[in-house]
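Structure first, commentary second.
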Amino acid sequence: MPAIQSKPVQAPAMEGTAKPAIPEALRGITIDAEARFPRLANQKILLAFDEAGRISAQSAPSDACVMSTSQLLKALNEPNGLYVSTDKLAAFAIAVAKRLQARRAFYCDRGESDRLHAVRAAIQSIAQVVNQ
């Protein structure tokens, strides 16, 4: 398959993180999306490889981003990190609180006191921040 010339695009890397390895199948391939796939220009596409090495692609929302949970937490806490509207940020916080409640009930039912203690400590930490 001949390489198609394109303008190089580089995603911004978060400080302190290594770039992910490019799969061998994609090394050296460039695609001019505007010429080859005009309807896909300015679209985000998520590529994934299964265990057999088959590639799948799916459209991603324009506000989608890919990062680890550690990177997400860091970005949410940086002044100019990841912008999230107040409504979405509140929904995120509510989802976290509900997850912690469910986890607390699960560990309580199973009698796992060490894990239950850790969940209670997390809930108390959140309450302290909210009540400041």
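Of the trypsin sites (Lys or Arg not before Pro) in region 50-107, the ones in a loop by DSSP (not H, G, I, E or B) with at most 13 other beta carbons within 10 Å are ARG54. Dividing the convex hull volume of the alpha-carbon atoms in region 60-105 by its residue count gives 102 Å³ per residue.
With the simple spin-label model, which puts each label point 7 Å out from Cα in the Cβ direction, the ALA75 to ILE123 separation comes to 3.0 nm.
Once a ≥ b ≥ c are taken as the square roots of the eigenvalues of the Cα gyration tensor of region 84-130, is the result rounded (a/c under 1.5), prolate (a/b larger than b/c) or oblate (a/b not larger than b/c)? Taking the square roots of the gyration eigenvalues as a ≥ b ≥ c, region 84-130 is oblate.
Legend: calculated FRET efficiency, LYS98 to SER56, from the Cβ-Cβ distance at R0 = 25 Å, rounded to 0.05, equals 0.20. Close amide H pairs (under 5 Å, H built 1.01 Å from N) link ALA60 with LYS44, ILE45, LEU46, residues at least 5 positions away or on another chain.
Rule-based calculations on the coordinates, nothing more; no lab input. Keep in mind it's a predicted model, so treat the numbers as computed, not measured. Positions of Cβ are backbone-derived with ideal geometry, glycine not excepted, and every protein chain shown enters the neighbour counts.
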